[in-house]
Amino acid sequence: MSPAPPLTAAPPLLLLLLLIGPATCYRPWPNTKPNSTNSLYGGSKKYEGSSEFVHLKYHMGPVLTSNITVYPIWYGAWRTPQKHIIREFIESISAFDSKPPSVSGWWKTVRLYTDQTGSNISRAVHIGEEKNDRFYSHGKSLTRLSVQSVIKSAVSASTRPLPINPKSGVYLLLTSDDVYVQDFCNNVCGFHYFTFPSIVGYTLPYAWVGNSAKLCPGVCAYPFAVPDYIPGLKAVKSPNDDVGVDAMISVIAHEIAELATNPLVNAWYAGGDPVFPVEIADLCEGIYGTGGGGSYTGQMLNGKDGATYNMNGIRRRFLVQWVWNHLVNYCTGPNALD
């Protein structure tokens, strides 16, 4: 867990919330993950199957059982083709007629999770209204607090504000490749949490994901880019010819899956400390196919054009990290081999 912002001027309740910090600090590169199962279970996790060591529990909080609406906030300089890739991935979550292995097949694992009434995570995930902040209204360097201020600006804008939807909305802040967010490229490629009423006026589940193409592709765009300190390791070709955005897709998937199952950080997670929850995607970081674990991604698919992927969307292909299936106690994905 990366450090929280300075707390000198925060009121007592806000102080406590900031100390807890965003629930997920995600990075796809293994071995140095702040929320990794290795740190939680002493390195004893067996990738793809660990009923002996992994104890994911439900802590009675709400999950997103109503139709989920994702509200993208495009912060900075975004090209239209980049937006198309991300939009189609989100739309593919509910595209149940996609060619298998599909993104919607991946979402079926997320849907296995329920609330205390037995209601499952919603089948429907759609894109709602969008907001563009192409003039960097809060600058090109954001703190964790200013991330929430960007969301406040989007929901309180004088023209075309985003709707207020605390029950089933997911506010997705996407920063372009020239924007730095606190701890980005260190231990963080994306995170999720909920907004503070003292800042935004409402408690809204949100996630931030950054484009690492210029800042740190070897850290946050693996396996489409590799670290310089590992000689001989070759990157694979991204499925949509955009290393930064193709890498963002898996982080977006990671955060949406965890927002659906743990939106207020009091629902589904492993470990005894809610300050450092290990969630359904944290348990499978770096796993994209059968046999994944350590520095090995697992069995993926290769297209005729040489691109690497593991799931099909409506019209595009994507590489998406697997998530934890609590019914069988191992990581699963639609491209699993028999």
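All of the numbers you see were taken from the coordinates with simple rules; none came from a lab. No experiment lies behind these values; they were computed from the predicted model shown. Glycine also receives a Cβ, built like all others from the backbone with ideal geometry; neighbour counts cover every protein chain displayed.
In table form, for the structure just shown:
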quantity: Contour excess over end-to-end distance, with Cα ends at Tyr296 and Asn132 and 0.36 nm allotted per residue; calculated: 55.3 nm
quantity: Label-point separation, Val275 to Ser141 (7 Å along Cα→Cβ), nm; calculated: 2.8
quantity: Table column - 3J(HN,Hα) (Hz), segment 283-288, Karplus curve with 6.51, -1.76, 1.60, x for Gly and Pro; calculated: 5, 10, 4, x, 9, 10
quantity: Cα gyration tensor category, rounded, prolate or oblate, for segment 12-332 with a/c compared to 1.5; calculated: rounded
quantity: Charge context of Tyr309, other residues only, Cβ under 15 angstrom, K/R +1, D/E -1; calculated: +1
quantity: ³J(HN,Hα) computed for each position of segment 213-219 - Karplus, 6.51 cos²θ - 1.76 cosθ + 1.60, integer Hz, glycine/proline x; calculated: 3, 9, 7, 6, x, x, 9
quantity: Relative contact order of segment 12-332, defined on C-alpha pairs under 8 angstrom at six or more residues apart (%); calculated: 27
quantity: ³J(HN,Hα), Karplus 6.51/-1.76/1.60, whole Hz, each residue of segment 325-338, x for Gly, Pro; calculated: 9, 6, 7, 10, 6, 7, 6, 9, x, x, 9, 4, 8, 5
quantity: Cα-projected label distance for Lys108 with Arg315, points at 7 Å along beta-carbon direction, nm; calculated: 2.6
quantity: Volume per residue that the Cα convex hull of segment 288-336 spans, once the total is divided by residue count, Å³; calculated: 79
quantity: For segment 12-332, size of Cβ-based charge dipole, Lys and Arg +1, Asp and Glu -1, in debye; calculated: 400
quantity: Residues Met311, Met60 arranged by fewest to most Cβ contacts within 10 Å; calculated: Met60, Met311
quantity: Under 13 Å, Cβ to Cβ, from Ala213 - net charge with Lys/Arg +1 and Asp/Glu -1; calculated: -3
quantity: Trypsin sites (Lys or Arg not before Pro) within segment 69-125, DSSP loop, no more than 11 other Cβ atoms inside 10 Å; calculated: Arg79
quantity: Residue order, fewest to most beta carbons within 10 Å, for Arg160, Arg144; calculated: Arg160, Arg144
quantity: Expected-Rg normalisation [2.2 N^0.38 Å, Cα atoms] applied to segment 252-320; calculated: 1.34
